[in-house]
Amino acid sequence: MKLREIYNKENSPVISFEFFPPKDDDDGQKTAALLNEISLLKKYNPGLVSVTYGAGGSTRHKSEELTKIINSKFELNVMPHFTCICSSRHDVDTRLETLTNAGIKNILALRGDVPADTTSCFQDFKHANELVSYVRSKSDFSIAVAGYPEGHIESPDLKTDIENLKKKVDAGADVIFTQLFFENEKFYNFVERVRSAGIKIPVAAGIMPIVSLKQAERILSVIKVKIPQKLMSGLERFADCSDDIKKIGIEFASNQYCDLIKNNVDGIHFYTLNKSDAATKILNNNL
Ligand SMILES: Cc1cc2nc3c(=O)[nH]c(=O)nc-3n(C[C@H](O)[C@H](O)[C@H](O)COP(=O)(O)OP(=O)(O)OC[C@H]3O[C@@H](n4cnc5c(N)ncnc54)[C@H](O)[C@@H]3O)c2cc1C
């Protein structure tokens with residue numbers, strides 16, 4: 001099913017899950033464990049699941065492999081992430097062909113993070129809006145794009161970032177998936193500004209239950225997202241007790257989820273970090 005059908009008002013809020021492919025050195029065990037987690041989450045009837053992609057092409061093979069398995073084994077709508085920062089048009093054509101042959105109908109079109117060494121990075125695409133236009137002109141994939149409720153890390157301000165988001169939408173995007181956030185007010189403010197900018201497509205809210213302090217610190221060191229003081233103090237107080245950290249993180253995300261549902265959001269996208277446990281608890285709490 002294509003994004004436009006999935007994000008139909010009658011289905012809202014659409015629940016979706018993000019997974020990343022196991023590393024190249026996986027001997028099959030990590031993939032098997034991941035497939036088990038996906039089968040546990042399938043019970044919650046996600047509108048789609050997404051599969052991340054290494055911007056330098058490092059996980060390309062694994063990403064495509066996982067996308068195909070989910071599509072055929074689980075019969076779930078799959079949306080592979082599709083970066084363009086180091087890609088030529090030829091690379092994009094080849095990847096689109098692979099996905100078309102696998103029966104995939106949706107992609108999340110991204111620029112990808114700029115690598116430290118850009119000299120060896122061939123660039124036919126500077127920004128994601130160029131990828132959206134290109135894919136639109138070549139195929140009938142349904143296309144999602146990324147949005148940033150707290151602004152993208154390179155952007156001078158949220159206003160400029162939303163102007164750039166509009167370029168992706170005008171190029172033909174169907175749905176916006178947001179960066180994870182911990183303060184729902186920032187998301188509501190973002191959606192209000194997005195609507196004022198004339199953007200009408202659905203916006204899916206990204207949430208990530210914190211289950212480990214180290215993991216959270218690693219992720220948050222590379223994106224522009226603030227953890228509210230109340231949550232941070234709780235996490236720091238129990239820094240030595242992983243069970244308590246997990247409990248606090250899941251309870252916080254559960255409240256976030258409940259509030260998003262009350263506010264009639266179009267979709268909620270779980271950054272699962274390849275584990276079903278936290279999302280399962282949140283969904284069960286809010287049944
Ligand atoms: C839901 C989600 C999933 C992600 N998945 C992955 C993944 O699987 N793999 C991965 O490598 N990364 C992933 N990322 C991270 C993403 O690649 C980075 O945030 C990247 O730095 C920006 O990608 P983008 O598509 O938002 O880029 P763009 O939309 O190109 O924006 C990048 C920056 O340039 C500005 N900009 C945009 N268009 C223009 C323009 N036409 N002219 C001037 N400035 C412009 C924007 O304001 C922004 O500051 C994901 C992010 C999100 C939110």
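The values are calculated or read from the model by the stated rules, or taken from the named source; none is laboratory data. Because the structure is predicted, anything quoted here is derived from the model rather than measured. Cβ coordinates were reconstructed from backbone atoms using ideal geometry, including for glycine residues, and neighbour counts include every protein chain displayed.
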- [ ] Scan region 66-91 for residues that are within 13 Å of the ligand (Cβ to nearest atom), among the polar types (S, T, N, Q) and outside any loop (DSSP other than H, G, I, E, B) and jot them down.
- [x] Thr67, Thr83
Task: Considering residues of region 121-130 that are assigned to a loop (DSSP other than H, G, I, E, B) and within 13 Å of the ligand (Cβ to nearest atom) only, the residue surrounded by the most Cβ atoms within 10 Å (Cβ to Cβ) - done: Phe125
TODO: Only residues that are at pLDDT 95 or above and either in a helix (DSSP H, G or I) or touching a His at 6+ places or on another chain (Cβ under 7 Å) (or both): list them for region 49-65, please.
DONE: Ser50, Val51, Thr52
- [ ] Take the residues in region 163-183 that are assigned to a helix (DSSP H, G or I) and touching a strand residue (DSSP E or B) at 6+ places or on another chain (Cβ under 8 Å), then tell me which one is farthest from Asn106 (Cα to Cα).
- [x] Leu165
Task: Number of positions in region 131-154 that are within 10 Å of the ligand (Cβ to nearest atom) and either among the polar types (S, T, N, Q) or out of contact with any Cys (no Cβ under 8 Å at 6 or more places or on another chain) (or both) - done: 11
Open item on the list: Is it the case, given these coordinates, that Gly28 is at positive phi and within 14 Å of the ligand (Cβ to nearest atom)?
Closed with: no
TODO: State which residue is farthest from the chain's Cα centre (by Cα) when the search covers only region 100-120 and only residues that are farther than 22 Å from Gly47 by Cα, surrounded by fewer than 14 Cβ atoms within 10 Å (Cβ to Cβ) and among the small types (Gly, Ala, Ser).
DONE: Ser120
Open item on the list: If I filter region 205-222 down to residues being in a loop (DSSP other than H, G, I, E, B) and exposed (fewer than 14 other Cβ atoms within 10 Å of the Cβ), which single residue comes out as nearest to the ligand (Cβ to nearest atom)?
Closed with: Val222
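For (1) touching a residue at least 60 places away in the same chain (Cβ under 8 Å); (2) within 25 Å of Glu65 (Cβ to Cβ); (3) among the aliphatic types (A, V, I, L, M), each residue gets a yes or a no:
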| site | (1), (2), (3) |
| --- | --- |
| Leu99 | no, yes, yes |
| Tyr134 | no, yes, no |
| Lys138 | no, yes, no |
| Ala146 | no, yes, yes |
| Ala173 | yes, no, yes |
Task: Residue list for region 155-204, filter: surrounded by fewer than 16 Cβ atoms within 10 Å (Cβ to Cβ) and among the small types (Gly, Ala, Ser) - done: Ser196, Ala197, Gly198
